[in-house]
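The next block holds one structure in the form of structure tokens; read it before the comments.
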Amino acid sequence: METIVVRESELDDYYEEAGRILREGGLVAFPTETVYGLGGNALDPEASAKIYAAKGRPSDNPLIVHVADFADVAPLVREITPVADKLMKKFWPGPLTIIMNKSDIVPTATTGGLQSVAVRMPVHPVAMKLIRCAGVPIAAPSANTSGRPSPTKAEHVIEDLFGRVDMIMDGGSVGIGVESTIVDVTGEVPMILRPGYITKEMLTEAIGDVTIDKAVAKINEGQLITSKEPPKAPGMKYRHYAPKAPLNLICGDEEEVEAELRKLAAQGKSDGLRVGIICSDGADLDGCADRVYHIGRRGDTETIAHNIYDCLRQCDADKLDVIYSDDFGLENDEALGYAVQNRIMKAAGGHVLNLKQKGDL
Ligand code: TXA
Ligand code: MG
């Protein structure tokens, strides 16, 4: 398939064509404030099937439906409950996805067979303009091939999806860098299924009691999730966000972690491995490994969030055998840190060395 790549300076000339492609069942990748999305008409089962095929995504993993106007939500859901209404008014447009019971017009091909639907109104100007030009709600998972880190730049999308989609709209580097918070409001107590920029505290302030899916809490504690208690968002159960080389996460105080990273890198190199280190800006580790990536200061979670996926992709491009990463003290940051820790823990897939407990990798 021929893919049109539209650069930032030309975007205005292409919205109409992009909207037409979407209405006619084609696929357009576009930037949002969180990560790039791979869009198709959410009401067209064939377009959804094309999305799954382009990503190589298991079809039991539902898609998020994106809208640009409040009036476009009601037709997608059985009812907008008072809680959902409060959340929409407070956090939309913005990085919050709300799970509600779906109406009949949303095909199960889009919801992975579920009777609920995830809805989100992104705040990115390109996304909003594109959705309005399409005139239909847009189903859009992150625009990566399944299992790879989510794309935060058009180059990442081109790397994964060139030749598999009709158009890629380049909106530059995205702002946040990790995917939206997902909150399910279909149960008695709203539940966070995926942490993101909108934190538990912010949600609680708006609507009262909110819980976090147990499986998600386990991931953040560095535990492996089991098939007995799978996460409630089907997508959270897959090995995900992960670079190709095994990633080992080292948790502890800044100095301890730095010393351990130096030791592990030396060990890896003497074993003949190509070693990468992911560490904070302040870490004095240059030259200790084949590649050393500095992705932000400890405590500067917004910068770390912005850089993490790009760094994990860089690890793939650099063809490493093993990666050791600082945990950046993220467990101490209850806000965006919780979301970033969730992604790094998932990328590590249980390979966690906690220097405070001295476990094994
Ligand atoms: O920030 C974002 O949300 C990005 C941008 C493009 O908007 N999108 C995104 O989509 O991250 P995706 O498909 O990569 O992740 C969607 C997650 C998956 O884990 C999926 O299982 C979950 O949302 N999900 C979608 N619909 C659901 C539903 N009805 N019930 C439970 N989980 C659902
Ligand atoms: Mg994704």
Original post:
Taking the simple approach of a point 7 Å from Cα along Cα-to-Cβ for both E201 and S270, what is their distance in nm?
Top reply: 4.4 nm
**OP:** Give, in nm to one decimal, the length gained when the segment between T3 and D321 is fully stretched (0.36 nm per residue of separation minus the Cα-Cα distance).
**Re:** 111.2 nm
Subject >> Degrees separating the helix 254-270 axis from the principal Cα axis of the chain, which is the longest one >> reply: 80 degrees
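Given Cα pairs under 8 Å that are at least 6 residues apart, what percent is the relative contact order of the chain?
It comes to 19 percent, rounded to a whole number.
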**OP:** Given the peptides 183-196, 24-37, arrange them by the average over their residues of other C-beta atoms within 10 Å, most packed first.
**Re:** 24-37, 183-196
**OP:** Report, in cubic angstrom per residue, the convex hull volume of the C-alpha atoms of segment 4-220.
**Re:** 110 Å³
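Contact order normalised by length for segment 281-334, with contacts defined as Cα pairs under 8 Å and 6 or more residues apart; what percent is it?
31 percent
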**OP:** Go through 3-9, 129-135, 211-217, 147-153 and give me the packing order, highest mean Cβ count within 10 Å leading.
**Re:** 147-153, 129-135, 211-217, 3-9
Original post:
So who's got an amide H within less than 5 Å of the one on V5, skipping anything under 5 residues away but keeping other chains? H placed 1.01 Å off N, in plane.
Top reply: I168
**OP:** Give the percent of DSSP beta bridges with both residues in the chain that are antiparallel, rounded to the nearest 5.
**Re:** 35 percent
Original post:
In whole Hz, what ³J(HN,Hα) sequence does segment 344-355 give by Karplus (6.51, -1.76, 1.60; θ = phi - 60°), x for Gly and Pro?
Top reply: 5, 4, 5, 4, 7, x, x, 7, 10, 10, 9, 5
**OP:** On a 0 to 90° scale, report how tilted helix 301-317 is relative to the longest principal axis of the chain, with both axes built from alpha carbons and the result rounded to the nearest 10.
**Re:** 80 degrees
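So how do 308-320, 266-278 stack up, highest first, on mean other-Cβ count within 10 Å?
308-320, 266-278
Keeping the other protein chains in place, figure out the carbon and sulfur percent of the accessible area of segment 252-361, with a 1.4 Å probe. Show your work: numbers first, answer last.
Values: 2040 of 4850 Å².
That fraction is 42 percent.
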Original post:
Can you give the calculated 222 nm mean residue ellipticity of the chain, where each DSSP H run of n ≥ 4 adds -39,500 (n - 2.57) and the sum is split over every residue, rounded to the nearest 500 deg cm²/dmol?
Top reply: -9000 deg cm²/dmol
Original post:
If you take every DSSP beta bridge whose two residues both sit in segment 59-196, what share of them, in percent to the nearest 5, is antiparallel?
Top reply: 60 percent
Subject >> Cross-link table K153/K346; K55/K214; K102/K129; K232/K346; K269/K319; K244/K319, entries beyond 18 Å C-alpha to C-alpha >> reply: K153/K346; K55/K214; K102/K129
Original post:
Using a 1.4 Å probe, what is the accessible area per residue for segment 4-220, in Å²?
Top reply: 37 Å²
**OP:** Provide the per-residue ³J(HN,Hα) series for segment 135-149, in order, calculated from phi with Karplus coefficients 6.51, -1.76, 1.60 and θ = phi - 60°, each as a whole number of Hz, with x at glycine and proline positions.
**Re:** x, 9, x, 10, 6, 8, x, 4, 8, 10, 6, 3, x, 8, x
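The values are calculated or read from the model by the stated rules, or taken from the named source; none is laboratory data. Because the structure is predicted, anything quoted here is derived from the model rather than measured. With ideal geometry, Cβ positions are generated from the backbone for all residues, glycine too; neighbour counts draw on all protein chains shown. The area values use the complete protein model at the heavy-atom level, side chains included, leaving out ligands, DNA and RNA. Shrake-Rupley method; radii C 1.70, N 1.55, O 1.52, S 1.80 Å.
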